[in-house]
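Input: a single structure, listed below in structure tokens.
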Amino acid sequence: MPRIERTAQVVWEGNVARGAGSIAAGSGAFSDLGFSLATRIGQPEGKTSPEELLAGAHGGCLTMSLASELTQAGTPPGRLEVDCRIVMDEVEGQGHQVVASHVEASVAVDGLDDDALQAAVEKADESCPFSALLKRAGAAVSVSARLA
């Protein structure tokens, strides 16, 4: 696989307590995703957060990794539905840290039993760059899957 580089642009105005920002993808895939401290720690009110974007990134990466593993095993998926929950918490002496990522997948695939699915999920987690990144950072990563 070739080297991959992607960019995002972030604009923030004001102090952290009352300010607000927006995030745009360098590709143009999204723009003006609003975020603020209030919507980061409280109700989202239609805005995003760095944690939500990380959940999307980890979930998307793991989904592609699982699709690849299933395809290589001769059982390409019909549909994958994946939820990812990022957990940030206070860590003594370190401030707020991302401490966990929990990924749950529902897999629709013909000709696959649960044992084969679990083997594919384990391989997918091992080969997912975002899982590796989070684990190296000390976050707990759990990945589970069930047949749809």
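The values are calculated or read from the model by the stated rules, or taken from the named source; none is laboratory data. These figures come from a predicted structure and were not determined experimentally. Reconstructed Cβ throughout: ideal geometry from the backbone, glycine too, with neighbour counts over all protein chains shown.
So the values come out like this:
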read-out: Pick from the stretch 57-74, criterion assigned to a helix (DSSP H, G or I) and among the aliphatic types (A, V, I, L, M), ranking: nearest to A132 (Cα to Cα); value: L62
read-out: Within the stretch 83-121, tally of residues that are of a type in the set (A, V, I, L, M, F, W, C) and over 16 Å from the mean Cα position of the chain (by Cα); value: 9
read-out: Failed condition for F30, given (1) surrounded by 12 or more Cβ atoms within 10 Å (Cβ to Cβ); (2) out of contact with any helix residue (DSSP H, G or I) (no Cβ under 9 Å at 6 or more places or on another chain); (3) more than 28 Å from D125 (Cβ to Cβ); value: (3)
read-out: In the stretch 133-148, the residues that are surrounded by 14 or more Cβ atoms within 10 Å (Cβ to Cβ) and more than 21 Å from D89 (Cβ to Cβ); value: A145
read-out: Long-range neighbours under 8 Å by Cβ, at least six apart or interchain, first residue outside the structural domain of H96 (by TED's automatic domain parsing) and part of a helix (DSSP H, G or I) within the stretch 16-45, second surrounded by fewer than 15 Cβ atoms within 10 Å (Cβ to Cβ) and small (G, A, S); value: L37/A17; L37/G19
read-out: Residue in the stretch 81-93 that is crowded, with 16+ Cβ neighbours inside 10 Å and not hydrophobic (A, V, I, L, M, F, W, C) present; value: no
